[in-house]
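Written out below as structure tokens is the structure these notes cover.
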Amino acid sequence: MAAEEGTLTSNEYIQHHLQNMVFGKLPADYERVDGQVLEQAAWTLAHSPQEAKDMGFWAVNVDTLGWSVFLGIFFCFMFHRVAKRASEGAPSGFANFVELMVEMVDKNVSDIFHGKSLLIAPLALTIFVWVILMNMMDIVPVDWLPILAQTLSGDPHLYFKVVPTTDPNITFGLSIGVFILIIFYSIKMKGVGGFIAELTLHPFNSKNIFVQIIFIPFNLVLEGIGLIAKPVSLALRLFGNLYAAELIFLLIAMLGYYQLPFHFVWAVFHILVIPLQAYVFMMLTIVYLSMAHDTH
Amino acid sequence: MNFNATLIGQTFAFVVFVWFTMKFVWPLLLKQMHDRETRIADGLAAADKGQKALEEAAVRHGELVEEGKQHAAEIISQAQRRGDEIVDESKSNAKSEGQRLIHAAEAEIEREKTQAREDLRKEVATLALAGVEQILMREINPDAHNDIITKLSSEL
């Protein structure tokens, strides 16, 4: 593909592919990448990584969030369609696949999570299938959808990042949801006091109250890091795996016609990574929530 | 790694999708699968029952065939006996009928014999009378001797 785009160096090619399509507000008197100066603040698409950065926090990655929501709706629609067609007869085709997923998730949840919760199993199912779908976008050859989007929009330099899980915003968005649930379950099961005690009275513990008071900051730092590490590791693991794989797909895509066998081999290998990462995300979510749920 | 509002959008989308799955997907699917499980279990139980019923029916079938065979044999032997009886009966009937016919024929012969003798006697009497008449024509008044002739003819 690099050859076709002519003037693009391989570095630029990769950077272009890794840049999100960001929609946000640029301030007044901002000099855009093409030298144009904005007279007043404007909501627009970023035309360079620097512009995307300058839009600050209140900007949206239209491409990854769009694909993520689209795939989420796709998942809900397909599964709801199977669920709605309540048939006790022999399931066929896609219904088999759906039930396979449900059975797998149900088994894992009941193995790990011993409390009774109506939320955990549907949560795990949503995570698993949704993350698989998002990871699957990585299998689509890296230039197809961006070029399609560029053709449709008429903008040959449109940024279009297709794989939602290669955007840390997406993976952190998921893990923040899980993090909120961890805190919710901890407080629900142990109370606010119990939750605070869990953060401050472990792992260093003393019968002497003055010694204990000295221990509290250390405990808070250790347990706090442990708590924060959960969503961070969850998000970064998924992001890192998919980002690296996407990068390798990009490198392979620059090989010209030689890319075909390499792309095939890497895609086959990547097919293993896709469900594995989704599975790991789901399992760790269940484990974290069951840890939050268990009282010591 | 620029973090921006995508984070919030994604978290929100996550919550919505999980809520949707929890409300409209998971319970329906689970119920459906449990229903099917019980249905399959019921079906298997019914199949077992059917199998058992089939075995029982096979046993009963054997019994019925055996019984039928016995019954048939009984009927055949009875029929044979009855046949023999009928043959015997008709034999004796024929014998007695023959006897009766013989008796009737004998009686008829006897009767005809008597008849013939009677006729003969009458004719002889007439003849004798005619002869006597011829002989006595001249000397006997038939009117005077009629009682003697009648007496004679009745004696013949």
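Any residue in the stretch A:58-81 that's closer than 23 Å to A:Tyr243 by Cβ: show its pairings with residues that are of a type in the set (D, E, K, R) and open to solvent by 50 Å² or more (accessible area, probe 1.4 Å) at Cβ separation under 8 Å, as long as the two are six or more apart or on different chains.
A:Ala59/A:Lys25
From A:Val268, A:Val287, which residue is more than 30 Å from A:Glu12 (Cα to Cα), open to solvent by less than 90 Å² (accessible area, probe 1.4 Å) and in a helix (DSSP H, G or I)?
Selected residue: A:Val287, the only one of A:Val268, A:Val287 that is more than 30 Å from A:Glu12 (Cα to Cα), open to solvent by less than 90 Å² (accessible area, probe 1.4 Å) and in a helix (DSSP H, G or I).
Among the residues of the stretch A:55-68, write down those that are open to solvent by 30 Å² or more (accessible area, probe 1.4 Å) and either in a loop (DSSP other than H, G, I, E, B) or more than 10 Å from chain B (Cβ to nearest Cβ) (or both).
Result: A:Gly56, A:Phe57, A:Trp58, A:Trp67.
I'd like to check something: does the stretch B:82-92 contain any residue that is among the β-branched types (Val, Ile, Thr), within 21 Å of B:Leu156 (Cα to Cα) and either modelled with pLDDT of 95 or more or out of contact with any Pro (no Cβ under 7 Å at 6 or more places or on another chain) (or both)?
No; the residues of the stretch B:82-92 include none that is among the β-branched types (Val, Ile, Thr), within 21 Å of B:Leu156 (Cα to Cα) and either modelled with pLDDT of 95 or more or out of contact with any Pro (no Cβ under 7 Å at 6 or more places or on another chain) (or both).
Do we find that A:Leu255 is more than 30 Å from A:Ser290 (Cα to Cα), without any contact (Cβ under 8 Å) to a residue 12 or more places away in the chain, surrounded by 14 or more Cβ atoms within 10 Å (Cβ to Cβ) and over 27 Å from the mean Cα position of the chain (by Cα) in this structure? Spell out the reasoning first.
Numbers: more than 30 Å from A:Ser290 (Cα to Cα): yes; without any contact (Cβ under 8 Å) to a residue 12 or more places away in the chain: yes; surrounded by 14 or more Cβ atoms within 10 Å (Cβ to Cβ): yes; over 27 Å from the mean Cα position of the chain (by Cα): yes.
Spelling it out, A:Leu255 is indeed more than 30 Å from A:Ser290 (Cα to Cα), without any contact (Cβ under 8 Å) to a residue 12 or more places away in the chain, surrounded by 14 or more Cβ atoms within 10 Å (Cβ to Cβ) and over 27 Å from the mean Cα position of the chain (by Cα).
Tell me the residue from B:Gly9, B:Gly43, B:Gly62 that is open to solvent by less than 80 Å² (accessible area, probe 1.4 Å) and away from every other protein chain (no Cβ under 14 Å), please.
B:Gly62
For A:Gln50, state whether it is closer than 30 Å to A:Phe249 by Cα, more than 13 Å from chain B (Cβ to nearest Cβ), in a helix (DSSP H, G or I) and open to solvent by 50 Å² or more (accessible area, probe 1.4 Å). First the steps, then the outcome.
Details: closer than 30 Å to A:Phe249 by Cα: yes; more than 13 Å from chain B (Cβ to nearest Cβ): no; in a helix (DSSP H, G or I): yes; open to solvent by 50 Å² or more (accessible area, probe 1.4 Å): yes.
Criteria not met by A:Gln50.
Checking the condition without any contact (Cβ under 8 Å) to a residue 60 or more places away in the chain and among the acidic types (Asp, Glu), which residue from A:Glu223, A:Glu246, A:Glu198 passes?
A:Glu223
Just one of A:Ala245, A:Ala197 is at pLDDT below 95 and closer than 30 Å to A:Val265 by Cα; which is it?
Exactly one of A:Ala245, A:Ala197 is at pLDDT below 95 and closer than 30 Å to A:Val265 by Cα, namely A:Ala245.
Residues that are closer than 30 Å to A:Leu260 by Cα, within 13 Å of chain B (Cβ to nearest Cβ) and open to solvent by less than 40 Å² (accessible area, probe 1.4 Å): list the helices (runs of 4 or more DSSP H) wholly contained in the stretch A:69-179 that include at least 2 such residues.
Passing ranges, in order: A:120-136.
The values are calculated or read from the model by the stated rules, or taken from the named source; none is laboratory data. The shown structure was predicted, so the numbers you read here are calculated from the model rather than taken from an experiment. Methodologically, a virtual Cβ is constructed for each residue, glycine included, from the backbone with ideal geometry; neighbour enumeration extends over all protein chains shown. The protein model used for the area step is the full one, side chains on, heavy atoms only, and it has no ligands, DNA or RNA in it. Shrake-Rupley method; radii C 1.70, N 1.55, O 1.52, S 1.80 Å.
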